[in-house]
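Shown next, in structure tokens, is the structure this report addresses.
The values are calculated or read from the model by the stated rules, or taken from the named source; none is laboratory data. Keep in mind that this is a model prediction, so the values were computed, not measured. Don't worry about glycine lacking a Cβ; one is built from the backbone with ideal geometry, like all the others, and counts go over all protein chains shown. Note: accessible area is taken over every heavy atom of the protein model, side chains too, but ligands, DNA and RNA are not part of it. Shrake-Rupley method; radii C 1.70, N 1.55, O 1.52, S 1.80 Å.
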Amino acid sequence: MYKAVRGTQDILPQDAPYWRHLETTIHELCARYGYHRLEPPLFEETSLFVRGVGEATDIVEKEMYSFTDRGGRELTLRPEFTAGVMRGYIEHNMHTWPRPVKLYSVGPAFRYEAPQAGRYRQFHQVNVEAIGEQDPAVDLEIMSVAWDLYEALGSKGLSFQLNSTGCPACRPVYIKHLVAYYEQHRDEICKECKRRLQRNPLRVLDCKVETCQPIIEGAPRMREHLCGECAKHFETLLGYLDLLGRSYTLNHRLVRGLDYYTKTVFEVWAEEGLGAQNAVCGGGRYDGLIEELGGPPTPGVGFAAGLERIILAMKAQGTAVPELVAPQLLVAHRGTEAKTRAVTLTSELRTAGIGALLAFGQRSLRSQMKQANRANVRFTLILGEDELAAGEVTVRDMAAGEQQRVSLAEIEDWLKRRL
Ligand code: HAM
């Protein structure tokens, strides 16, 4: 028996209303903010992610689905969108477009992570990027898109975690302080933190090991080491957030798992329903990324939200979603000739934009009525010898239990008036 590969899952029909509602909300919201859709390919050159996401990140070190294709190219299934979107920005000369260039994408991403509730090896993201502006008002806009998305979905119990990770001018100075502090605590920290100090020191702040917690609390804080420009950027953003009454939690430990961030970083955490995998969204500013990938120096800011996690949270909170539109009528038939007419009538109705089901096989009328009941249709159209001879169809109103004859020539209009 084949099963879906570990960490992957089928999106089943019963979950379709959640996906449809979420996707519709995303497209409407992005349109309202003036974001345009850019869908990068599912796979890119491996080196794009190595350079973009960063060699010393978990994603690049151990989570990428990389392969060599038949032409000898080194390729990787996208573990995230930002690197691919920036490659597209550079490739299509979007620096000549009016700024900021505002782009969004929705689709699957792939990471070889240990699967658990809310963490999969194939998952979906909505990814939103604003490219070409340094203004903290753009950081605010990006955060607001995330905010409005959750508000439109009726999400409760969310907290916005916010931090600044500085820039190439101030971060190295901060890291020096951090490493010097950690050197004094070398004997108290976990093995993984010792490794992080070598490879990617900022990540020590992210450690979940119990014994490392007091060390993190006592560690020097980035906020106190920001350069003038980064401090001003952060203060201005906080001012805007306060002005709009958006509440947030300043979190000095928030460093994010991708290397491209500068200045603002943020995550949205769900307080209930998701357990350990509680980040429904993460993002921030990446002012050096486009240059790193070979483009002109260009700032940018964006976020991505995990769709499976949002749906898990919606289910946990009992969020109601609109039902999907289903056909409201079934065409039933008695006899071979009537069946043939039923086939053409069903096709004519669908062409006219009326959703219709056809009863398959040659079952008894009773059994076709049962099928209509199960499909929860409003009308059953019955064709038999009598009806064919008269050029009519019997229409049964399923709820009222009443029947009437309607001319086949008029049935489309008759239905359109009622559906
Ligand atoms: P990220 O924090 O790695 O950021 O992922 C964003 C969101 O994707 C997470 O908050 C989570 O909801 C979801 N997610 C990540 N990994 C998984 C997984 N294995 N299973 C289920 N959901 C997952 C990025 O990807 C950045 N590219 C975001 C960004 C865009 N920054 C700037 N622009």
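A few comments on the model shown:
- Selected residue (criterion: farthest from the ligand (Cβ to nearest atom)) from residues of region 84-114 that are touching an Asp or Glu at 6+ places or on another chain (Cβ under 7 Å), under 17 Å from V301 (Cβ atoms) and of a type in the set (A, V, I, L, M, F, W, C): L103
- Failed item, numbered, when L205 is tested on (1) within 23 Å of P299 (Cβ to Cβ); (2) open to solvent by less than 10 Å² (accessible area, probe 1.4 Å); (3) not hydroxyl-bearing (S, T, Y): (1)
- Condition met for R51 (over 23 Å from the mean Cα position of the chain (by Cα), surrounded by 15 or more Cβ atoms within 10 Å (Cβ to Cβ) and outside any loop (DSSP other than H, G, I, E, B)): yes
Rundown of residues vs (1) over 23 Å from P79 (Cβ atoms); (2) open to solvent by 10 Å² or more (accessible area, probe 1.4 Å), yes/no style:
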site: Q122; (1), (2): no, yes
site: L140; (1), (2): yes, yes
site: A146; (1), (2): no, no
site: L162; (1), (2): yes, no
site: T165; (1), (2): no, no
site: P172; (1), (2): yes, yes
site: Y181; (1), (2): yes, yes
site: Q184; (1), (2): yes, yes
site: K194; (1), (2): yes, yes
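- Test result for D15, among the charged types (D, E, K, R), over 25 Å from T262 (Cβ atoms) and loosely packed, with under 14 Cβ neighbours inside 10 Å: no
- Taken as a whole, region 371-387 holds no residue that is surrounded by 17 or more Cβ atoms within 10 Å (Cβ to Cβ) and touching a residue at least 60 places away in the same chain (Cβ under 8 Å).
- Looking only at residues in region 232-249 that are in contact (Cβ under 8 Å) with a residue 12 or more places away in the chain and open to solvent by 30 Å² or more (accessible area, probe 1.4 Å), the one that is farthest from Q184 (Cα to Cα) is L244.
- All positions within region 264-303 that are under 19 Å from E229 (Cα atoms) and open to solvent by 10 Å² or more (accessible area, probe 1.4 Å): D287, G288, P297, P299
- Every residue from region 228-257 that is outside any helix (DSSP H, G or I) and out of contact with any helix residue (DSSP H, G or I) (no Cβ under 7 Å at 6 or more places or on another chain): L244, G245, S247, T249, L250, N251, L254, R256
- Boolean, E61 is assigned to a helix (DSSP H, G or I) and acidic (D, E): yes
- Meets criteria (open to solvent by 30 Å² or more (accessible area, probe 1.4 Å) and in contact with a strand residue (DSSP E or B) (Cβ under 6 Å, 6 or more places away or on another chain)) for D69: yes
- Listed by first and then second residue, the pairs with beta-carbon distance under 6 Å, at least 6 apart or on different chains, first residue in region 273-301 and on the phi > 0 side of the Ramachandran plot, second at pLDDT below 95, are G273/A313; G273/A316; G275/A117.
- Filter result (closer than 16 Å to L38 by Cβ and more than 8 Å from the ligand (Cβ to nearest atom)) within region 125-141: V126, A130, I131, G132
- Of all residue pairs spaced 6 or more apart or on separate chains, those with beta-carbon atoms under 7 Å, a first member in region 195-223 that is in contact (Cβ under 8 Å) with a residue 12 or more places away in the chain and within 17 Å of Y261 (Cα to Cα) and a second member that is in a helix (DSSP H, G or I) and of a type in the set (K, R) are R203/R196; V204/R196.
- Residue in region 22-38 that is least open to solvent (accessible area, probe 1.4 Å), counting only those that are among the hydroxyl-bearing types (S, T, Y) and not in a helix (DSSP H, G or I): Y35
- For beta carbons closer than 6 Å, sequence separation of 6+ or different chains, a first residue in region 81-102 that is closer than 12 Å to E133 by Cβ and a second that is of a type in the set (F, W, Y), the qualifying pairs are K102/Y35.
- The one condition in (1) modelled with pLDDT of 95 or more; (2) within 16 Å of the ligand (Cβ to nearest atom); (3) over 30 Å from A316 (Cα atoms) that R203 fails to fulfil: (1)
- Scanning region 1-36 for residues that are over 30 Å from I131 (Cβ atoms) and more than 16 Å from the ligand (Cβ to nearest atom) returns M1, Y2, K3, L12, P13, Q14, A16, P17.
- Only residues that are under 14 Å from R285 (Cβ atoms) and open to solvent by 50 Å² or more (accessible area, probe 1.4 Å) were counted in region 217-231, giving 1.
- For region 250-263, the condition holds for at least one residue, the condition being that it is surrounded by fewer than 18 Cβ atoms within 10 Å (Cβ to Cβ) and away from the ligand (no atom under 16 Å from the Cβ).
- Selection status of L244, under 30 Å from M94 (Cβ atoms), of a type outside the set (K, R) and touching an Asp or Glu at 6+ places or on another chain (Cβ under 6 Å): no
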